[in-house]
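Asker: Next up is a structure, given as structure tokens.
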Amino acid sequence: MSDGSETVYLNGAYVPYEEARIPVEDRGTLFADGIYEVVRAYAGRLFELEAHLERLVQSAGEIRLNLPPVDELRAAVRGVLDRSGLADSSIYIQITRGFAGPRAHAVPQGIAPTVFVAARPVPRPDAAHVRDGAAAITVPDRRWHMCHVKSVGLLLNTLAKQAALDAGAQEALFVRDGVVTEGSATNCFAVFGGTVHTHPEGPHILSGITRQVLLALCADEGIPAREQPFLVSAMYGADEVFVTGTNTEVLPIRTVDGRPIGTGEPGPVARRLRAAMERRVRG
Ligand code: PDD
């Protein structure tokens with residue numbers, strides 16, 4: 001929750017959070033007609049900002065959304081971060097198609113998008129889960145076939161996350177046709193015989209920026225990695241499972257559906273990649 005003291009960016013202006021208002025029939029509220037990004041700042045430095053902006057442009061293209069100039073967005077991210085006084089922050093960028101009058105399905109032309117950017121404290125996973133591993137459950141992946149678009153339409157992601165919390169776990173892993181696609185807000189990796197596996201890019205996952213960084217770190221560290229789907233049945237027998245995301249970073253998974261993974265403790269590959277990630281973000 002905001003305490004109302006922060007300054008956010010809304011449609012070209014920096015305003016106090018409590019004064020940030022949008023029309024109730026914004027297309028974002030009516031149709032989840034919008035896209036978003038979450039960017040991390042470490043010690044005041046924006047991590048992989050350009051990759052996030054590039055993905056935003058791609059998401060916009062997929063749903064025919066007119067973005068404001070990327071320079072404006074880049075400046076807004078920096079602007080809210082500087083005004084927040086936060087060194088470490090999670091910056092939320094949301095662009096909806098905007099307000100076009102009373103509800104009507106057809107995609108309106110020539111309206112201004114609603115642009116919202118806010119810098120928030122980082123919702124980090126519990127230190128104990130990072131150290132000892134977190135618990136995950138699996139849930140059927142009933143989402144649409146455009147998961148590569150970072151859409152604000154996250155209802156099934158929120159229900160999956162809540163199902164995990166209700167089960168005493170921390171993350172839910174989606175399973176489509178027996179294959180593990182990704183987590184509710186993370187990408188999923190499994191280690192089999194020293195080789196890291198993760199679902200390939202395509203319409204069934206969001207191609208995470210952290211996922212890309214992780215694959216690059218695997219190459220740097222000489223850890224073999226394959227963008228290859230794996231079955232949930234195989235995952236139960238994996239040596240290690242971990243998930244990655246902008247806020248989550250690298251989170252080892254200790255159990256899936258109550259079954260211990262590997263030794264039931266964070267494995268050497270996850271630990272090594274986590275350390276490499278730490279060096280990368282702070283470096
Ligand atoms: N979510 N898959 C899904 C479904 C996600 O929502 C996210 C990130 C990821 C990881 O992407 P990245 O490494 O670029 O953060 C994968 C953000 C953090 C969120 O919704 O808060």
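The values are calculated or read from the model by the stated rules, or taken from the named source; none is laboratory data. Note that the structure is predicted; figures quoted are calculated from it, not measured. Please note: Cβ atoms are built from the backbone with ideal geometry, for glycine as well, and neighbour counts cover all protein chains shown. These area figures cover heavy atoms from the full protein model, side chains too; ligands, DNA and RNA do not enter into them. Shrake-Rupley method; radii C 1.70, N 1.55, O 1.52, S 1.80 Å.
Asker: Taking the dipole about the Cα centre of the chain, with the C-beta of Lys and Arg at +1 and of Asp and Glu at -1, give me whichever of A276, S84, Q162 is farthest to the positive side.
Answerer: A276
Asker: Among Q212, A234, I253, pick out the residue whose Cα is farthest towards the positive end of the charge dipole of region 127-282, where Lys and Arg carry +1 and Asp and Glu carry -1 on C-beta, about the Cα centre.
Answerer: Q212
Asker: Springs between alpha-carbon atoms under 10 Å, Gaussian network over the chain: tell me which of G202, G183, G34 tops the mean-square fluctuations.
Answerer: In the Gaussian network model the winner is G202.
Asker: Is the shape of the chain rounded, prolate or oblate, going by the alpha carbon gyration tensor and its root eigenvalues a ≥ b ≥ c, with a/c under 1.5 for rounded and a/b larger than b/c for prolate?
Answerer: prolate
Asker: Averaged per residue, what accessible area in Å² does region 127-282 show with a 1.4 Å probe, protein chains only? Before the final figure, lay out each step's value.
Answerer: On the way: 6580 Å² over 156 residues.
Each residue of region 127-282 exposes 42 Å² on average to a 1.4 Å probe.
Asker: Based on the alpha-carbon gyration tensor of region 38-111 and its eigenvalue square roots a ≥ b ≥ c, which shape applies: rounded if a/c is under 1.5, prolate if not and a/b is larger than b/c, or oblate?
Answerer: Note, shape of region 38-111 comes out prolate.
Asker: While we're looking at this one, here's another question. Under unit Cβ charges (Lys, Arg +1; Asp, Glu -1), what dipole magnitude, rounded to 20 debye, does region 127-282 have relative to its Cα centre?
Answerer: With only Lys, Arg, Asp and Glu charged at Cβ, the dipole is about 280 debye.
Asker: Work out the length of the dipole vector of the chain about its Cα centre, built from +1 on the beta-carbon of each Lys and Arg and -1 on the beta-carbon of each Asp and Glu, and round it to the nearest 20 debye.
Answerer: 100 debye
Asker: In terms of the Cα gyration tensor, with a ≥ b ≥ c the square roots of its eigenvalues, is region 1-73 rounded because a/c is under 1.5, prolate because a/b exceeds b/c, or oblate?
Answerer: In terms of gyration-tensor shape, oblate.
Asker: Which FRET efficiency value, to the nearest 0.05, is calculated for L165 and A104 with the Förster distance at 45 angstrom and r the Cβ-Cβ distance?
Answerer: Details: r = 37 Å, r/R0 = 0.82.
Once the sixth-power term is evaluated, E becomes 0.75.
Asker: How many Å² of accessible area per residue for region 1-104, probe 1.4 Å?
Answerer: 49 Å²
Asker: Quick one: pull the percent of accessible area on the chain belonging to carbon and sulfur, 1.4 Å probe, ligands and nucleic acids left out.
Answerer: Its accessible area is 54 percent carbon and sulfur atoms.
Asker: In debye, nearest 20: dipole of region 97-180 around its Cα centre with unit charges on the Cβ of K, R (+) and D, E (-)?
Answerer: For this selection, approximately 380 debye.
Asker: Counting every Cα pair in region 127-282, what percent are over 23 Å apart?
Answerer: 28 percent
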